[in-house]
Amino acid sequence: MKLKLYLALLALVVIVFTFQTRSSLDTVIFMRGDTVRTILPVAFEPYSLTVKATQPAAEAAGLRPGDKIVGINGKEIKGLHDYLAITDQARPGDRADLTIVRSPEQLPQTININFIARPKYNGGWTGWLINVALLVVMPFFCILLGFWAAFVRPKDPLAWLLLGLMLCFSQLVGDRAGYRGIMLDAAVIYKDFFGVAWPAAMLLFGIYFPDRIDWDVRRPWIKWLLMLPLVADFIISVGIDLGELHSYVFESALRRATSPFNGLLGFFALLPVSFFFIGISQKVYSTVAPDARRRLRLLLIGTMVALTPIFLLVMRRLILQKDAIERDVPFWLFLTALMLTLLFPLTLAYVIVVQRAMDVRMVIRQGVQYALAKSGVRVMQFALSAIAIFAAAALISNAGSHPVAQILMVSIGIATVFLLGTLSERIRKFIDRRFFRESYDAEVILSDLGEKVRSMVETGPLLETVARRIAESLHVQHVTFLLNRGGAYQPAFAVGYDSMPIVEFPEAAGTVTRLKREREPVVVYADDPDSWIHSSRDMVEERMMLARLDTQLLLPLSVKEKLPGFISLGPKQSEEPYSNTDLRLLQSVATQTGLALENSQLTATIANEVAQRERLNREVEIAQEVQERLFPQQLPPIEGLDYNGACRPALGVGGDYYDFLLLPNGKFGVAIGDVSGKGISAALLMASLQASLRGQAIQGTNDLATLMGHVNRLVFDASADNRYATFFYGQYDPSTRVLIYVNGGHNPPMIFRRAGGEEKLLRLETGGPVVGLLPDFRYTQGEISLLPGDLWVGFTDGISESMNEAEEEWGEDSMRDFIKGCYGKSAAEVLALCIEAADDFAAGAKQHDDMTMIVVRVI
């Protein structure tokens with residue numbers, strides 16, 4: 001059957017290319033003016049030898065518009081055949097005795113004029129491009145596209161329908177080739193057939209592409225009814241055109257008899273074309289699959305843009321009953337509409353070849369086509385080698401008896417034959433790799449696919465690349481990747497389905513268990529009752545899911561002892577089982593894919609962690625900015641005091657706290673604290689502590705013991721059971737220089753005093769326990785009078801316990817001794833020097849606690 005189809009295609013190739021090549025050559029010859037063709041110096045009416053216009057020579061000889069030529073040189077002219085037989089033998093300048101008839105009442109007259117050469121084409125380069133595009137490039141493009149689809153899929157009716165549509169479209173523009181005799185009759189029938197059949201091909205293509213339309217299934221007779229007028233149109237067109245060739249009398253009579261029906265036949269010729277657009281439009285809106293809808297939408301838009309302008313011009317001609325489109329519309333409008341028709345074959349080529357609407361890239365794996373392809377390469381190699389040998393022999397004979405020249409020619413001939421052999425072998429391998437699976441080198445597939453897989457770090461592109469490459473190389477229509485998601489294997493990517501298959505294989509499913517155990521390709525024989533899928537009643541649901549996937553082969557994506565997923569492959573379109581070579585290749589591909597998939601998932605996990613860390617870092621930065629705003633932003637002047645403070649968190653944000661408060665009656669509040677823990681949680685408690693203090697202190701009370709009790713209760717209610725804070729708060733009265741304070745378990749601030757030549761160190765210890773640990777506690781407040789020159793320093797243990805690499809602490813004693821040496825310096829200087837000294841002791845070692853200090857110098 002396939003051989004008969006190929007033979008029919010080859011016969012059609014000979015016919016089509018014979019006529020089209022002659023027509024295209026005739027067009028090029030006409031535009032180039034390479035050959036001289038003899039004509040009379042007049043213009044004739046269509047389908048007759050009635051003079052329409054005359055050149056000066058004919059007018060001088062006595063010819064007038066309306067004269068009808070019935071004979072030349074004594075030979076009767078019945079039709080175009082007779083006229084061409086005379087003009088083909090004449091030469092420019094030869095005399096022609098024309099027998100003319102001016103009216104039925106008058107006798108024939110004889111007029112003597114000279115034949116002339118047909119004027120050369122003078123359309124310029126623009127006309128050249130237009131003619132070449134419409135009369136040469138476009139017809140050959142349509143013919144090649146149609147035959148390619150038919151040769152690739154000879155058993156597909158859609159491929160033959162596309163071939164017919166393209167052959168019809170190739171004949172819509174242009175004139176008959178320059179044949180003579182019976183070949184001209186054949187060319188007329190050839191062109192009329194494909195020209196009239198074009199609406200029928202459009203109708204059938206709209207009905208059947210890519211799937212048959214619903215209404216045609218219910219009422220198939222509609223399409224045949226629409227095509228009946230086309231049969232009448234074809235018979236009339238052939239009768240008129242053959243009548244022009246053989247008998248103007250018959251042609252004229254037939255035209256008069258059928259002219260009342262021209263408009264009606266034209267309407268019925270356009271009606272099938274309208275149904276093409278109706279059918280494609282309906283499929284666009286009814287098709288569910290996104291890929292199919294996209295292809296149909298591209299086809300509809302492209303063909304509408306290509307054909308609507310010329311369609312409207314034809315409708316206008318039919319309504320107004322004009323003879324020709326181009327004679328009553330602006331030339332630029334007609335030319336634009338004509339050039340837009342080039343989009344029609346280009347749109348079909350794009351949709352079918354690029355968008356794979358008919359899957360024409362899948363070629364039959366065995367049979368006549370393969371033999372013809374490889375044999376054709378061998379024939380080409382033999383022919384070119386023979387030409388090279390004969391050319392070398394001719395050059396040797398021309399080289400005379402000089403031995404060096406002869407040796408050179410022989411060497412060139414041998415080298416040419418060798419190069420042709422190498423080139424032919426490469427062409428054969430390309431054909432094998434590109435079109436035929438049997439000779440495809442499995443190592444090439446594996447290495448190429450492995451190279452792509454190794455460079456992929458994203459799961460989506462990885463699955464798509466592997467699935468499509470397997471589908472293309474083995475011609476598998478259905479490929480599905482199923483990955484483990486939450487304890488069940490679900491489709492992650494699929495090829496060849498209208499929509500993603502809805503299946504789910506639990507980890508305990510028999511299919512999954514078998515893949516984990518076998519760790520190699522598993523063949524599915526749905527029609528074999530002894531197959532493993534029929535081994536248990538529990539497999540009923542799994543058999544249904546495998547049938548939904550159209551599974552014939554399962555490939556495990558095994559990684560060590562894990563099974564992250566598996567691949568389901570449908571049957572090969574060649575209808576042959578998977579060979580051992582296929583299984584080995586696919587197992588290798590599956591193994592590499594499994595490793596790449598694990599790397600992809602690991603990369604995705606790392607990327608998520610990095611993104612999470614970046615988000616956390618940003619959150620920490622925001623928290624740090626917020627916390628910075630909680631510390632004193634300005635240091636308003638206080639009578640008799642020079643003060644400063646600083647906090648440096650160990651982790652961006654921390655739990656250390658210091659504050660300076662301007663209170664009612666001109667009093668000055670000083671606070672410092674250290675919240676247990678570190679990071680965000682400590683910072684939140686520190687903010688709560690600040691809010692609690694300010695809410696109590698703003699009342700201007702001197703009962704700091706009660707104030708501290710309230711703060712303790714507020715912090716206790718706002719924090720977890722294991723959260724607390726060491727806290728010191730004091731209020732200084734500039735008018736009396738008295739400091740009252742409460743120390744809630746904090747490192748006692750130091751007061752360095754030099755009076756009467758003596759140095760004293762006072763510690764502010766009075767108070768109670770840490771705040772926030774116990775719900776209720778009665779604190780005690782202390783009081784001390786400050787003297788001019790006193791240096792008051794509050795700190796957290798991040799300063800005193802600063803550590804070096806040897807995990808040695810700086811200590812309060814070292815800190816105290818260092819501060820004594822700063823006596824007399826400003827508060828800002830003491831603060832900066834003290835923190836610098838702590839850093840020098842640490843010598844770059846990482847610190848694990850916040851460092852906070854306040855310095856107040858009494859002036």
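Binning the C-alpha pair distances of the chain at 20 Å intervals from 0 yields a P(r) profile of 11, 23, 19, 17, 15, 10, 4, 0 %, listed from the shortest bin outward. For region 578-658, the share of alpha carbon pairs falling in successive 10 Å distance bins from zero is 14, 21, 17, 13, 11, 9, 8, 5, 2, 1 percent.
Using mean Cβ contacts within 10 Å as the protection proxy, how do 684-693, 826-835 order, highest first? Walk me through the intermediate numbers first.
Numbers: 684-693: 21.1, 826-835: 18.3.
Going from most to least packed, we get 684-693, 826-835.
With Cα atoms as the point set, the radius of gyration and Dmax of region 132-254 evaluate to 16.7, 49 Å. Between the listed residues Ala471, Pro748, Leu242, the Cα displaced farthest toward the positive end of the dipole of the chain, a dipole computed from Cβ unit charges relative to the Cα centre, is found at Leu242. Remark on region 554-623: Rg and Dmax equal 19.7, 67 Å (Cα only). Ordering Gly655, Thr603, Pro577 by the projection of their Cα atoms onto the charge dipole of region 536-665, which places +1 on the Cβ of Lys and Arg and -1 on the Cβ of Asp and Glu, puts Pro577 at the extreme positive end.
To test your reading of the geometry: what angle, between 0 and 90 degrees and rounded to tens, separates the Cα axis of helix 540-549 from the longest principal axis of the chain? Around 60 degrees separate the two axes.
Ranked highest first by the average count of other Cβ atoms within 10 Å around their residues, in what order do 710-722, 219-231 fall?
On the way: 710-722: 17.7, 219-231: 13.6.
Going by the mean number of other Cβ atoms within 10 Å, highest first, we get 710-722, 219-231.
Here each label is just a point 7 Å from Cα along the line to Cβ, and for Glu765 and Arg316 those points are 11.0 nm apart. A simple spin-label model places pseudo-atoms 7 Å from Cα toward Cβ; at Gln624 and Ala526 they are separated by 6.2 nm. Each of Ile72, Phe19, Gln89 was placed along the dipole of region 16-143 (beta-carbon charges, centred on the mean Cα), and the one lying farthest toward the positive end is Phe19.
Just check region 739-805 against the gyration tensor rule for me: Cα atoms, a ≥ b ≥ c as the square roots of the eigenvalues, rounded for a/c under 1.5, and otherwise prolate or oblate depending on whether a/b exceeds b/c. Mind showing how you got there, number by number?
On the way: a/c = 3.62, a/b = 1.27, b/c = 2.86.
Judged from the Cα gyration tensor, region 739-805 comes out oblate (a/c at least 1.5, b/c at or above a/b).
Counting 0.36 nm for each residue step from Lys52 to Leu12 and taking away their Cα separation leaves a gain of 10.4 nm. Under a 5 Å amide H cut-off, with hydrogens placed 1.01 Å from N, Gly772 pairs with Phe716 among residues at least 5 apart or on other chains. In region 518-637, Cα pairs under 8 Å separated by at least six residues give a relative contact order of 20 percent. Using a simple spin-label model with pseudo-atoms 7 Å out from Cα toward Cβ, Leu144 and Ser286 lie 3.6 nm apart.
Contact order normalised by length for the chain, with contacts defined as Cα pairs under 8 Å and 6 or more residues apart; what percent is it? Write out the running numbers ahead of the final one.
Numbers: 1309 pairs, mean separation 54.7, N = 859.
RCO, the chain: 6 percent.
Over the C-alpha atoms of region 688-842, the Rg to Rh ratio, Rh being the Kirkwood estimate, stands at 1.00. Placing +1 on each Lys and Arg Cβ and -1 on each Asp and Glu Cβ, with no other charges, gives the chain a dipole about its Cα centre of roughly 5300 debye. When only the Cβ of Lys, Arg, Asp and Glu is charged (+1, +1, -1, -1), the dipole of region 148-238 relative to its Cα centre reaches about 140 debye. Here the Karplus curve 6.51 cos²θ - 1.76 cosθ + 1.60, taken at θ = phi - 60°, turns the phi angles of region 671-688 into couplings of 9, 8, x, 9, 7, 5, x, 9, x, 4, 4, 5, 5, 5, 5, 4, 5, 5 Hz, with x standing for Gly and Pro. The C-alpha atoms of the chain define a longest principal axis, and helix 248-258 lies at about 50 degrees to it. Given R₀ = 45 Å, what would the calculated FRET efficiency be for Tyr823 paired with Glu561, taking r from the Cβ atoms and rounding to 0.05? Computed FRET efficiency for Tyr823 and Glu561 comes out at 0.05.
Dipole size of region 565-662 about its Cα centre, with +1 on Lys/Arg Cβ and -1 on Asp/Glu Cβ: approximately 400 debye, rounded to the nearest 20.
Suppose we take every Cα in region 514-579 and form the convex hull; what volume per residue is that in Å³? Provide the component values of the computation, followed by the final result.
Numbers: hull volume 6.9 nm³, N = 66.
Roughly 104 Å³ of hull volume per residue.
In this structure, the amide hydrogen of Tyr121, modeled 1.01 Å from its nitrogen in the peptide plane, lies closer than 5 angstrom to those of Gly33, counting only residues at least 5 positions away or on a different chain.
Using the structure shown, select from Lys68/Lys120; Lys825/Lys846; Lys223/Lys283; Lys760/Lys825; Lys155/Lys572 the pairs with a Cα to Cα distance greater than 19 angstrom. Mind showing how you got there, number by number?
On the way: Lys68/Lys120 26 Å; Lys825/Lys846 29 Å; Lys223/Lys283 17 Å; Lys760/Lys825 17 Å; Lys155/Lys572 17 Å.
The pairs that break the limit, which is 19 Å between Cα atoms, are Lys68/Lys120; Lys825/Lys846.
Short-range pairs are left out: with C-alpha atoms under 8 Å and at least six residues apart, the relative contact order of region 113-178 is 32 percent.
With a 1.4 Å probe and all protein chains left in place, how much of the accessible area of the chain comes from carbon and sulfur atoms, in whole percent? Don't skip to the answer; put the middle values down first.
Details: 25590 of 43390 Å².
After summing per-atom areas, the C and S share lands at 59 percent.
What ranking, highest mean first, results for peptides 625-634, 658-667 when packing means the other Cβ atoms within 10 Å averaged over each residue? Mind dumping the intermediate values first?
Numbers: 625-634: 12.2, 658-667: 15.4.
Ranking, from highest mean packing down: 658-667, 625-634.
The values are calculated or read from the model by the stated rules, or taken from the named source; none is laboratory data. Keep in mind that this is a model prediction, so the values were computed, not measured. Backbone-built Cβ (ideal geometry, glycine too); neighbour counts: all protein chains shown. What goes into the accessible areas is simple: the full protein's heavy atoms, side chains included, and nothing from ligands, DNA or RNA. Shrake-Rupley method; radii C 1.70, N 1.55, O 1.52, S 1.80 Å.
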